[in-house]
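Engineer: I'd like to ask some things about the structure below.
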Amino acid sequence: MDDYQFVSTGLLDVGYLEWNPQGARTAVLMHGWPDSPRSWSEVAPILAAAGYRVLAPALRGFAPTRFREASTPRSGQLAALGRDLLEFCAALRLSQPVLIGHDWGARAVANACGLDAAAASHLVMLSVGYGTNDPSQTLSLPQARNYWYHWFMATPRGQHALENDRRAFARLMWDTWSPAGWYEESAFDEACRAFDSPDWAHVVVHSYRHRWGFADGDPAYAADETQLNPAPVLDVPTLMLHGGADTCNHPSTSSDRERFFNGAYERAVLDGVGHFPQREAPQAVASQILKFLNAHPL
């Protein structure tokens, strides 16, 4: 992980990758679970070639990002992810970057915009529909089945499995969330390096337990939780990208979300693509992003 740079926020030393440091505009790319900042390795250079400075930080709990103090709760609550992103942008003095996120990262970028209306010039979410953080949300039975790992991690047995065989746990997600044969072993090995943080399992288990009301949140984010729940309507121009073959979050979970957006809102379903669009179809993802940004200039 020698090519990571670091910036300190109040709670974290955030490790991040960077492309085209002199770019005229900035895009911040947030990875998902179970994945790493290198999930953007094929999308980022395309955005950089289009003139963007591109930054891809590691989320809390994912190596090489680390907590600065042992006393900080290892919370994985979604409000904390949004606040972390705002603090990352502030630490680097970024002014209204394009915020792009996949999976957990999609929740982080949306929550950052929910906490600060001026957080971004544009918002792009991959594989997660907006307004799906509410513990009381209605779930179809097929989607509840897709979320088996959420319920499993709510039990001591699930926590033990994650803590003691995190690589096998992650591989099951990679093998079942997208069409077979979509990834190279080297890509999976690289992603697993992000799970070597001593805080990874703690943050992951807490995130899923808190998401469904099975664990209390960090009191430091109480005001943020109130601001984000129910999901606020956003003014930022937003693009939603969803794989048509996603068997983690069914594509229907991101449909009919227009009511949450006052500004431009577009959604595209990528046929034959599973849960990891930026890895499976990087050219298509980058093309959709640039098309949207060009269609909705500042």
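Engineer: So, residue 263, is that one touching a residue at least 40 places away in the same chain (Cβ under 8 Å), surrounded by fewer than 16 Cβ atoms within 10 Å (Cβ to Cβ) and in contact with a Pro (Cβ under 6 Å, 6 or more places away or on another chain) or not?
Structural biologist: So residue 263 fails the test.
Engineer: Moving on. So, residue 75, is that one among the polar types (S, T, N, Q), modelled with pLDDT of 95 or more, surrounded by 19 or more Cβ atoms within 10 Å (Cβ to Cβ) and more than 12 Å from the chain's Cα centre (by Cα) or not?
Structural biologist: Numbers: among the polar types (S, T, N, Q): yes; modelled with pLDDT of 95 or more: yes; surrounded by 19 or more Cβ atoms within 10 Å (Cβ to Cβ): yes; more than 12 Å from the chain's Cα centre (by Cα): yes.
In short, yes.
Engineer: Is there a residue being under 30 Å from residue 55 (Cβ atoms), acidic (Asp, Glu) and more than 14 Å from the chain's Cα centre (by Cα) anywhere in region 161-169? Don't jump to the end; show me each part of the working.
Structural biologist: First, the residues of region 161-169 that are under 30 Å from residue 55 (Cβ atoms): 162, 166-167, 169.
Subset that is acidic (Asp, Glu): none.
There is no residue in region 161-169 that is under 30 Å from residue 55 (Cβ atoms), acidic (Asp, Glu) and more than 14 Å from the chain's Cα centre (by Cα).
Engineer: Right, another one. Check 132, 138 and return the single one that is in a loop (DSSP other than H, G, I, E, B) and surrounded by 14 or more Cβ atoms within 10 Å (Cβ to Cβ).
Structural biologist: Numbers: 138 fails: surrounded by 14 or more Cβ atoms within 10 Å (Cβ to Cβ).
Result: 132 is the single residue among 132, 138 that is in a loop (DSSP other than H, G, I, E, B) and surrounded by 14 or more Cβ atoms within 10 Å (Cβ to Cβ).
Engineer: Test residue 186 against the criterion of being of a type in the set (Gly, Ala, Ser), modelled with pLDDT of 95 or more, under 26 Å from residue 64 (Cα atoms) and surrounded by 18 or more Cβ atoms within 10 Å (Cβ to Cβ), and give yes or no. If you could, list the steps in order and put the result at the bottom.
Structural biologist: Numbers: of a type in the set (Gly, Ala, Ser): yes; modelled with pLDDT of 95 or more: yes; under 26 Å from residue 64 (Cα atoms): yes; surrounded by 18 or more Cβ atoms within 10 Å (Cβ to Cβ): no.
When the stated conditions are applied, residue 186 does not pass them.
Engineer: Just checking, does region 146-169 include any residue being small (Gly, Ala, Ser), under 30 Å from residue 237 (Cβ atoms) and modelled with pLDDT of 95 or more?
Structural biologist: Step one: of region 146-169, the residues small (Gly, Ala, Ser) are 154, 158, 161, 168.
Adding the requirement that they be under 30 Å from residue 237 (Cβ atoms) leaves none.
There is no residue in region 146-169 that is small (Gly, Ala, Ser), under 30 Å from residue 237 (Cβ atoms) and modelled with pLDDT of 95 or more.
Engineer: While we're on this one: Acidic (Asp, Glu) and in contact with a Ser or Thr (Cβ under 6 Å, 6 or more places away or on another chain): does that describe residue 218?
Structural biologist: Values: acidic (Asp, Glu): yes; in contact with a Ser or Thr (Cβ under 6 Å, 6 or more places away or on another chain): yes.
Here the answer is yes, as residue 218 does meet what is asked.
Engineer: Another one. Sort through 144, 112, 106, 118 and tell me the only one that's over 19 Å from residue 243 (Cβ atoms), of a type in the set (A, V, I, L, M, F, W, C) and crowded, with 24+ Cβ neighbours inside 10 Å.
Structural biologist: None of the other options fit; the residue is 112.
Engineer: Going through region 246-263 one residue at a time, which ones are assigned to a loop (DSSP other than H, G, I, E, B) and more than 19 Å from the chain's Cα centre (by Cα)? First the steps, then the outcome.
Structural biologist: We begin by selecting, within region 246-263, every residue assigned to a loop (DSSP other than H, G, I, E, B); these are 246-250, 255-257, 262-263.
The answer is 256, 262, 263.
Engineer: Continuing with this model, one more query. Is region 54-62 home to any residue that is in contact with a strand residue (DSSP E or B) (Cβ under 8 Å, 6 or more places away or on another chain), surrounded by fewer than 24 Cβ atoms within 10 Å (Cβ to Cβ) and under 28 Å from residue 150 (Cα atoms)? It would help to see each step written out before you state the result.
Structural biologist: If we filter region 54-62 for residues that are in contact with a strand residue (DSSP E or B) (Cβ under 8 Å, 6 or more places away or on another chain), which is where we start, we get 54-60.
Adding the requirement that they be surrounded by fewer than 24 Cβ atoms within 10 Å (Cβ to Cβ) leaves none.
Within region 54-62, not a single residue is in contact with a strand residue (DSSP E or B) (Cβ under 8 Å, 6 or more places away or on another chain), surrounded by fewer than 24 Cβ atoms within 10 Å (Cβ to Cβ) and under 28 Å from residue 150 (Cα atoms).
Engineer: Considering only region 173-187, how many residues are touching a residue at least 12 places away in the same chain (Cβ under 8 Å) and assigned to a helix (DSSP H, G or I)? Step through it out loud before you land on a result.
Structural biologist: Within region 173-187, the subset touching a residue at least 12 places away in the same chain (Cβ under 8 Å) is 173-174, 176-179, 182-183, 187.
Narrowing the set further to residues that are assigned to a helix (DSSP H, G or I) leaves 173-174, 176, 187.
Residues that pass the stated criteria total 4.
Engineer: Among the listed residues 225, 266, identify the single one that is in a helix (DSSP H, G or I) and not small (Gly, Ala, Ser).
Structural biologist: Numbers: 266 fails: in a helix (DSSP H, G or I).
Matching residue, one of 225, 266: 225.
Engineer: On the given criteria, is residue 285 assigned to a loop (DSSP other than H, G, I, E, B), modelled with pLDDT of 95 or more and surrounded by 23 or more Cβ atoms within 10 Å (Cβ to Cβ)? Explain how you work it out, then say what you get.
Structural biologist: Values: assigned to a loop (DSSP other than H, G, I, E, B): no; modelled with pLDDT of 95 or more: yes; surrounded by 23 or more Cβ atoms within 10 Å (Cβ to Cβ): yes.
Here the answer is no, as residue 285 does not meet what is asked.
Engineer: Quick one: in region 85-103, of everything that is in contact with a Ser or Thr (Cβ under 7 Å, 6 or more places away or on another chain) and of a type outside the set (A, V, I, L, M, F, W, C), which residue is surrounded by the fewest Cβ atoms within 10 Å (Cβ to Cβ)?
Structural biologist: Narrowing region 85-103 to residues in contact with a Ser or Thr (Cβ under 7 Å, 6 or more places away or on another chain): 87-88, 91, 94, 96-98, 102-103.
So of that shortlist, the ones also of a type outside the set (A, V, I, L, M, F, W, C) come out as 87, 96-97, 102-103.
On the way: 87: 18, 96: 16, 97: 23, 102: 30, 103: 24.
Of everything passing the filter in region 85-103, 96 is surrounded by the fewest Cβ atoms within 10 Å (Cβ to Cβ).
The values are calculated or read from the model by the stated rules, or taken from the named source; none is laboratory data. Only a predicted model underlies this, so the values are computations on that prediction, with no experimental measurement involved. Glycine gets a Cβ as well: all are built from the backbone with ideal geometry, and neighbour counts include every protein chain shown.
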